[in-house]
Each structure stands twice: as structure tokens, then as C-alpha cells.
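Novice: Structure below; questions to follow.
The values are calculated or read from the model by the stated rules, or taken from the named source; none is laboratory data. Everything quoted here is computed from the prediction, not taken from an experiment. Counting neighbours? That spans all protein chains shown, and the Cβs are built from the backbone with ideal geometry, glycine included.
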Amino acid sequence: MSSRRSATPLRIELRPSRQLATVLVAAHAGGLAVTLPLSWPWWGTSLLGMALAASLAWNLSRHALLSHPRAVWAITWRGEGDFELSRRDGTRTAARLAPDTYVHPRLVILCFRRGRWGRAPVVLCRDAVDQESFRRLRVRLGAMAGEGR
């Protein structure tokens, strides 16, 4: 078995995720349903509803539909925790994987650090990535976690 250092770079190209869009819409609709029976003034409930709608639009365009210019559409894992994030607007950013990354057979949430303060989360559902790349990513992340990062 070869070490991770000699592993070839892993490139993952994302596509829009219907599963993530469904979860985001359901979660925001649930939040709206909870706000409606509150005994707040109408303008308070309206502001909260507009904030939920703005959050939904932001998260859909950034994570599910990948239509925002700053949405990450490709990830290249160069090894040793070094990644390159390619954005829809054509920019590329070097990033390091943060320890709060989440890995599940159906969902991977990659939390990246860019520089000292910058953060870039990338949410990957199974339908957003081809299955072989998704499997290879989970295996490499599992091996990295096993080494104690």
C-alpha cells in the first residue's frame, strides 16, 4: 500500500445537488413555520421571515446550486492537507483542511482555512460528486483522521 505522500492529487468537480437543496428548503421552511405562531409584532415576524428567505437564497446559491460567483465548484487535494479551491468566478485559493470536517457515507462537510482568519465550508452530498471521487475522498479523509491529523 502506498503512503498518502505519494498519492496522486485528487480532483473533485462539484455539480448542483438536489438533495442539499431539498434539505435547505425543508430546514428554512421549518424555521419559518416556527416563527409564525410567535406572539411578536407583525413587523418582527416579517423581518425574521425575510432573514430566513435571505439565508435560504444565500445557502442555495453558494452550496446547493453553485450559482454564486464565489461558490466552490472544484477541489484539488494535493496531499498532506494542502488543497486548492476553484471558484465559479475563476479564482483559485490555497486552503488547509480544518479539524472540524465531518465525514459520513452520504454527506461530507469540508471545513477549510484560508490564511489566518478565512474559512470556506464546502458541503458535499452524494449527488453532487461522482461516486468514485466521493468514495476516494472519504477514504483519504478517514486515513487522515486515523493518523491523528
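Novice: Go through region 32-48 and give me each residue that's of a type outside the set (S, T, N, Q) and either loosely packed, with under 12 Cβ neighbours inside 10 Å or out of contact with any Gly (no Cβ under 9 Å at 6 or more places or on another chain) (or both). Steps first, answer last, please.
Specialist: Of region 32-48, the ones of a type outside the set (S, T, N, Q) are 32-34, 36-38, 40-44, 47-48.
Ala33, Val34, Leu36, Pro37, Leu38, Trp40, Pro41, Trp42, Trp43, Gly44, Leu47 - these are the residues of region 32-48 that are of a type outside the set (S, T, N, Q) and either loosely packed, with under 12 Cβ neighbours inside 10 Å or out of contact with any Gly (no Cβ under 9 Å at 6 or more places or on another chain) (or both).
Novice: Is there a residue in region 80-95 that is in contact with a Cys (Cβ under 9 Å, 6 or more places away or on another chain), β-branched (Val, Ile, Thr) and either at pLDDT 95 or above or assigned to a strand (DSSP E or B) (or both)?
Specialist: For region 80-95, residues in contact with a Cys (Cβ under 9 Å, 6 or more places away or on another chain), β-branched (Val, Ile, Thr) and either at pLDDT 95 or above or assigned to a strand (DSSP E or B) (or both): absent.
Novice: Moving on to the next point. When you go through Ser46, Ser55 one by one, which is the residue that is out of contact with any strand residue (DSSP E or B) (no Cβ under 9 Å at 6 or more places or on another chain) and at pLDDT 95 or above? Talk me through it step by step, then tell me what you get.
Specialist: Working: Ser46 fails: at pLDDT 95 or above.
Exactly one of Ser46, Ser55 is out of contact with any strand residue (DSSP E or B) (no Cβ under 9 Å at 6 or more places or on another chain) and at pLDDT 95 or above, namely Ser55.
Novice: Given the condition farther than 17 Å from Pro16 by Cβ and surrounded by fewer than 17 Cβ atoms within 10 Å (Cβ to Cβ), answer yes or no: does some residue in region 55-63 qualify?
Specialist: Within region 55-63, one or more residues are farther than 17 Å from Pro16 by Cβ and surrounded by fewer than 17 Cβ atoms within 10 Å (Cβ to Cβ).
Novice: Which count do you get for residues in region 110-133 that are within 17 Å of Glu84 (Cα to Cα), in contact (Cβ under 8 Å) with a residue 24 or more places away in the chain and not in a strand (DSSP E or B)?
Specialist: Residues in region 110-133 being within 17 Å of Glu84 (Cα to Cα), in contact (Cβ under 8 Å) with a residue 24 or more places away in the chain and not in a strand (DSSP E or B): 2 in total.
Novice: Which residue out of Arg11, Arg15, Arg70 is in a loop (DSSP other than H, G, I, E, B), under 28 Å from Pro105 (Cα atoms) and touching a strand residue (DSSP E or B) at 6+ places or on another chain (Cβ under 7 Å)?
Specialist: Answer to the check: Arg70.
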